[in-house]
Amino acid sequence: METFSPTIRAESLRVLLAIGATKDLEIRQVDVVSAYPRSKLHTTVYMRPTEALRQLLGIKDLRKVLLLKQSLYELK
């Protein structure tokens, strides 16, 4: 499975900063910390619960899986 993370190329960033500097524009940076966990899933994803989650939810059957409704950190 391929993983894609949209990032800007260094050359493109330098061009944008140069344009901003020549036109005396104010440049700001924004980092959306919770963007990935709040993103919608584009496919059906099932996961095996961790031991701690099984204990928390009272799941005894080790074959049980969970259907994710939204994204998690490190989910590819």
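The values are calculated or read from the model by the stated rules, or taken from the named source; none is laboratory data. All values reported here derive from a predicted model rather than from experimental measurement. SASA here: full protein model, heavy atoms, side chains in, ligands and nucleic acids out. Shrake-Rupley method; radii C 1.70, N 1.55, O 1.52, S 1.80 Å.
Here are a few things to note about the model shown:
- Heavy atoms of residue 15 accessible to a 1.4 Å probe, total area in Å² rounded to 10: 80 Å²
- The HN-Hα couplings worked out from phi for the range 46-61 by the Karplus form 6.51 cos²θ - 1.76 cosθ + 1.60 (θ = phi - 60°) are 10, 9, 7, x, 5, 4, 4, 5, 4, 5, 4, 8, x, 8, 9, 6 Hz, whole numbers, x standing for Gly and Pro.
- Heavy atoms of residue 27 accessible to a 1.4 Å probe, total area in Å² rounded to 10: 90 Å²
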